[in-house]
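**Student:** Input: one structure, supplied below.
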Amino acid sequence: MIDSRSDGSVRTIRLNRPAARNALTVDGLEALEEAARAAQEPVIYLEGAGPAFCAGADLDTVADLDREGAEAFARLGQRVARALETADAITVAGIDGPARGGGLELALACDIRVGTPSATLGEPGVTFGLFGAWGGTVRLPRIVGEGNALDVACTGRVLEAEEALRMGLLSRIESDPRAVAAAVAMHPADTLQVLKERLRDDASRDTQEAREATAFGRLLEAHANDIAARR
């Protein structure tokens with residue numbers, strides 16, 4: 001259900017359940033979390049097998065849950081999204097085909113979201129009385145703004161790649177999203193980690209700026225020879 005492989009600089013994690021559009025069960029979510037937390041490479045590339053990125057939660061699983069089980073399932077999905085969001089690695093979602101519900105939420109937890117021209121994104125939960133509960137109500141308005149988030153979540157409509165790009169759901173559109181992950185991985189791993197820490201820092205401005213200056217000094221010292229060679 002989850003495949004994981006490395007080329008030394010990029011850890012590719014593939015959702016591999018194409019017959020179900022890579023919908024995630026409890027076992028699938030747990031395996032995805034394990035793969036994300038075990039990655040040692042500077043870049044994680046998340047993709048789906050077959051014609052879809054991810055349809056989200058497996059509805060057969062959801063339909064059998066009671067209220068307590070539903071809350072536990074939501075917590076598990078939130079934990080997986082947090083594993084992607086807080087990984088030391090830069091996480092890149094390569095979205096080819098549909099990303100729906102929890103699939104969109106996993107993509108939102110990634111640092112960079114690259115769609116192919118055939119990527120489509122949406123939160124259809126409202127059409128059958130649910131909503132994205134893997135951190136989607138937190139990340140969606142942060143990324144696209146409150147008005148766009150309400151539009152996407154309350155209509156359940158599907159966005160084509162170009163509209164998703166304009167809204168900020170996608171970082172860019174490329175025919176080969178994997179190439180973006182490979183390009184990111186060419187940069188120093190420690191610098192990538194610092195950039196992620198700094199850009200995701202939600203402390204006060206003074207604290208953020210102090211941390212920024214400290215990190216800048218540390219990296220300058222670590223890469224002094226590389227910097228001198230560019231003079």
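The values are calculated or read from the model by the stated rules, or taken from the named source; none is laboratory data. In this text the structure is predicted, and so the values were computed from the model without any measurement. Positions of Cβ are generated from backbone atoms using ideal geometry, with glycine treated the same way; all protein chains shown enter the neighbour counts. Surface areas here come from the heavy atoms of the whole protein model, side chains and all, with no ligands, DNA or RNA. Shrake-Rupley method; radii C 1.70, N 1.55, O 1.52, S 1.80 Å.
**Student:** Kindly indicate whether any position in segment 147-159 is touching an Asp or Glu at 6+ places or on another chain (Cβ under 7 Å) and touching a residue at least 60 places away in the same chain (Cβ under 8 Å).
**Tutor:** Within segment 147-159, none of the residues are touching an Asp or Glu at 6+ places or on another chain (Cβ under 7 Å) and touching a residue at least 60 places away in the same chain (Cβ under 8 Å).
**Student:** Taking Arg218 as meeting all but one of (1) without any contact (Cβ under 8 Å) to a residue 60 or more places away in the chain; (2) under 30 Å from Gly115 (Cα atoms), write down the number of the exception.
**Tutor:** Condition (2) is where Arg218 drops out.
**Student:** Taking Arg231 as the residue in question, decide whether it is open to solvent by 80 Å² or more (accessible area, probe 1.4 Å), at pLDDT below 95, of a type in the set (D, E, K, R) and within 29 Å of Ala99 (Cβ to Cβ).
**Tutor:** no
**Student:** Under the condition of being assigned to a helix (DSSP H, G or I) and open to solvent by less than 40 Å² (accessible area, probe 1.4 Å), which residue from segment 130-147 is modelled with the lowest pLDDT?
**Tutor:** Per the stated criteria, the residue is Gly136.
**Student:** May I ask you to list the residues in segment 49-68 that are of a type outside the set (Phe, Trp, Tyr) and either at positive phi or open to solvent by less than 20 Å² (accessible area, probe 1.4 Å) (or both)?
**Tutor:** Those that are of a type outside the set (Phe, Trp, Tyr) and either at positive phi or open to solvent by less than 20 Å² (accessible area, probe 1.4 Å) (or both): Ala49, Gly50, Ala52, Cys54, Gly56, Asp58.
**Student:** Among the residues in segment 108-129, are any open to solvent by less than 10 Å² (accessible area, probe 1.4 Å), in a helix (DSSP H, G or I) and closer than 17 Å to Glu163 by Cα?
**Tutor:** yes
**Student:** Spot the failing condition for Leu159; the list is (1) farther than 27 Å from Ser9 by Cβ; (2) part of a helix (DSSP H, G or I), and only one is missed.
**Tutor:** Tallying (1) farther than 27 Å from Ser9 by Cβ; (2) part of a helix (DSSP H, G or I), Leu159 fails exactly one: (2).
**Student:** Could you tell me whether segment 76-85 includes any residue that is open to solvent by 60 Å² or more (accessible area, probe 1.4 Å) and either without any contact (Cβ under 8 Å) to a residue 40 or more places away in the chain or not in a helix (DSSP H, G or I) (or both)?
**Tutor:** Within segment 76-85, none of the residues are open to solvent by 60 Å² or more (accessible area, probe 1.4 Å) and either without any contact (Cβ under 8 Å) to a residue 40 or more places away in the chain or not in a helix (DSSP H, G or I) (or both).
**Student:** Considering only residues that are in contact with a strand residue (DSSP E or B) (Cβ under 6 Å, 6 or more places away or on another chain) and not polar (S, T, N, Q), look in segment 8-17 and name the one that is surrounded by the most Cβ atoms within 10 Å (Cβ to Cβ).
**Tutor:** By that ranking, first place goes to Leu15.
**Student:** Restricting attention to segment 18-38, which residues are among the basic types (Lys, Arg) and either part of a helix (DSSP H, G or I) or open to solvent by less than 70 Å² (accessible area, probe 1.4 Å) (or both)?
**Tutor:** Selection gives Arg37 alone.
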